[in-house]
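Structure first, commentary second.
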Amino acid sequence: MLLRKMLLALGVSAATMLASAAESGSDTKPASIGPPQRVTPIPEKPVESLPYTPSLDFSAMDRSVDPCEDLYAFACGGWKKNNPIPADQTRWDVYGKLSVDNQRYLWGILEDAAKPVSGRTPTQQKIGDYFAACMNLDAIERAGLAPIQPDLRKIAALVDRAKLASLIGELHLRASTAGLFFGAGVQQDARDASKVIAVVAAGGLGLPDRDYYVKTDAKSVEQRARYVEHVAKMFELLGDPKPAASANAATVMRIETALAKASLTRVDRRDPHKVYHRNSVASLGKLARGFDWPAYFKAVELNPDPWLNVTEPAFFKELNARLTQESLRDIKTYLRWALIDDTASYLSSPFVAEKFAFNSQYLRGVEEDRPRWKKCVAWVDQHLGEALGREFVARTFPATTKEKAVTMTKQIEQAMQQRITQLDWMTPATRTQAIAKLKKVRNKVGYPDLWRDYSSLTIERSDFFANVSRAIVFESRRQAAKIGKPVDRGEWQMSAPTVNAYYDPQLNDINFPAGVLMPPLYDAKLDDAPNYGNTGGTIGHELTHGFDDEGRQFDGDGNLRDWWTKEDAQKFEKRAQCIRDQYSQYTIVDDIKINGNLTSGEDIADLGGELLAWMAWQEQTKTMRLAERDGLTPPQRFFVGFAQWACSNDRPENMRVNAIVDPHSPPPVRINGVVVNMPEFAAAFSCKATAKLVKKPEDLCKVW
Ligand SMILES: [Zn+2]
């Protein structure tokens, strides 16, 4: 349960990603798209080489659109037409498509590694046998509920409330989410980033966000009713008679609603001060008296001394109320639900189907569940990511790409330094600190210098669920072992094949896995213009996160320390507000507008990133003679290359979920909302002053 995924979900690890993870699906799209179309399934087989699509793809464009009115539609209209959403995807976009291409390629690696021949390396044995066990659906069906029976029996056997803490600790050690009442893990101490400490955080909810429990509109009321039905069905699958299952579902909903009401909103959790509360175990014991915290930490194998972070004290007060006021019977009912919700995806088909029917089909509009091979590839990546990543990098990531990405990153950083130096609104005192922070940013490109050692993790061909369990415990212990040791600055939070990137404010580093540095994102076959527009913009985006409204609150050493003069902080906020006001006007779906307070960090990074990419591209090509190609001038190629990273189609249901949970604005807005603030764009396409994507100079938003 100390997995990165969980910490990110909790907003504890402050890593800020470029896009939402492909597996969970995310982000959003324009209102102009019709109902999802069905597509003929691609023949399902592994590929031996990755397909090539250029990073500037003319077939993806729609030249009938005026770019000055809608750059996104101009650059992506063809893509949208040619790429309907596959039945098993929440949404479909350039990132998601590349991610599935990578999975299809990894599938081949895993099928090879799964052949039980002699001579496999220990790494190949682990990833191969994990994959083979995962694909063995007969064995998984035969096992039915057996894999979680031991834990169900432990819950059933609980008769003494005093033993509850150690039981929850034991379950948390093996849990993959923060769904069991709360979450626990480790993090760098916000006030002293050189130290790793334990953290307990709000959790315990089965719906995607606390807002689902409190909103009063008709859709939210319907979603809650459907959720209770789903929980009841899960209890029936656990063997409860129908009336008992319904009563149990109502109990779960009552407890979760109380926890949700005591939880911070996503917007509040963006404030690092609101989620940092240093406590000793003794002071946590005073906050939540009815729970044996020392017994809990012993069972979850976390050292909470000399202090830990209790992210949301109000939540833990409410948790205490639930744990002391609810009957033991109701607490056990809740734990049974939380356990099945946490493990259903790894069990036999009735559990998998019910989980899919609610979480993916009903909530996000997905038509079909993913084929088994995709799930198994994704789980190998999740549980043995650096073993799989090593195989991936050896086959796909040339040293020349790494060199080029490192060069671009240095150029982007130089551009940032130039911008900071030239800012007219910042006083010298803050400027010096900003440059000091910039100089401490570490760049990580492609893959880790040292691959993780999985030798103490046993993977057997015979038992899928046991492999999953051991992998989660391995990760829990690996995280727990960081407490009291120097921070490992070389560690990655994404695997090498991942099509995404992130900034970590406490490590103050920017991270670009190999998976995000391939066509159609970075394309070594093409000229600089689309590559700087696309990959340069991504690098600039991550770097800007260090200086967005959240990231700016950390210093170059990763400490939550205010290095701003009051006056400069106010000026920054005024500029950030310009962005929030602009984005809050865009519609996501139906009558739902962007929550500009949720997306402002990403929106600031999108704009700042593209400005830096433009400067770096100008510098890179200043002595070159650039020519028009295929009817586009070099600056036009820069902007179309930029826009094409975001081509996508989405489902209305999924857009509704993302309006609540996704800190990124919808893809069309991530393009048009940026260029409307760039006079360089208007000049590149000779846009009229009255065009939609042209602002008056005095209305331009600009932070960095
Ligand atoms: Zn981002």
Among the residues of segment 26-78, the number that are assigned to a helix (DSSP H, G or I) and either at pLDDT below 90 or in contact with a Ser or Thr (Cβ under 6 Å, 6 or more places away or on another chain) (or both) is 1
In segment 114-134, anything open to solvent by less than 70 Å² (accessible area, probe 1.4 Å) and in contact (Cβ under 8 Å) with a residue 60 or more places away in the chain is listed as 123, 124, 125, 126, 127, 129, 130, 131, 132, 133, 134
Of the residues in segment 489-507, those that are under 26 Å from residue 102 (Cβ atoms) and away from the ligand (no atom under 16 Å from the Cβ) come to 490, 491, 492, 495, 496, 497
Per the list (1) touching an Asp or Glu at 6+ places or on another chain (Cβ under 9 Å); (2) open to solvent by 10 Å² or more (accessible area, probe 1.4 Å), residue check on residue 576 breaks on (2)
Among helices (runs of 4 or more DSSP H) completely within segment 236-299, the ones holding 3 or more residues that are of a type in the set (A, V, I, L, M, F, W, C) and open to solvent by less than 20 Å² (accessible area, probe 1.4 Å) are 242-261
Given (1) touching a strand residue (DSSP E or B) at 6+ places or on another chain (Cβ under 7 Å); (2) away from the ligand (no atom under 16 Å from the Cβ), residue 643 misses just (1)
Inspect all residues belonging to segment 401-415 and state whether any of them is open to solvent by less than 20 Å² (accessible area, probe 1.4 Å), in contact with a Lys or Arg (Cβ under 8 Å, 6 or more places away or on another chain) and not basic (Lys, Arg). no
From the option list 351, 356, 392, single residue qualifying as closer than 21 Å to residue 174 by Cα and open to solvent by less than 40 Å² (accessible area, probe 1.4 Å) is 351
- [ ] With respect to residue 183, determine if the residue is open to solvent by less than 20 Å² (accessible area, probe 1.4 Å), of a type outside the set (Asp, Glu), touching a Leu at 6+ places or on another chain (Cβ under 8 Å) and without any contact (Cβ under 8 Å) to a residue 24 or more places away in the chain.
- [x] no
Residues of segment 511-526 being more than 16 Å from the ligand (Cβ to nearest atom), out of contact with any Ser or Thr (no Cβ under 6 Å at 6 or more places or on another chain) and modelled with pLDDT of 95 or more, in sequence order, are 514, 518
Within segment 541-567, residues more than 11 Å from the ligand (Cβ to nearest atom), part of a helix (DSSP H, G or I) and within 20 Å of residue 603 (Cα to Cα) come out as 552, 553
The one condition residue 622 fails out of (1) open to solvent by 10 Å² or more (accessible area, probe 1.4 Å); (2) in contact with a strand residue (DSSP E or B) (Cβ under 9 Å, 6 or more places away or on another chain); (3) among the charged types (D, E, K, R) is (2)
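Residue by residue, here is whether (1) closer than 30 Å to residue 272 by Cα; (2) of a type outside the set (Asp, Glu) holds:
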{"position": "570", "(1), (2)": "yes, yes"}
{"position": "610", "(1), (2)": "yes, no"}
{"position": "623", "(1), (2)": "no, yes"}
{"position": "639", "(1), (2)": "no, yes"}
{"position": "648", "(1), (2)": "no, yes"}
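The values are calculated or read from the model by the stated rules, or taken from the named source; none is laboratory data. All figures in this text were calculated on a predicted structure; none of them were measured in a lab. With ideal geometry, Cβ positions are generated from the backbone for all residues, glycine too; neighbour counts draw on all protein chains shown. Quick note on the areas: whole protein, heavy atoms, side chains included, nothing else; ligands and nucleic acids left out. Shrake-Rupley method; radii C 1.70, N 1.55, O 1.52, S 1.80 Å.
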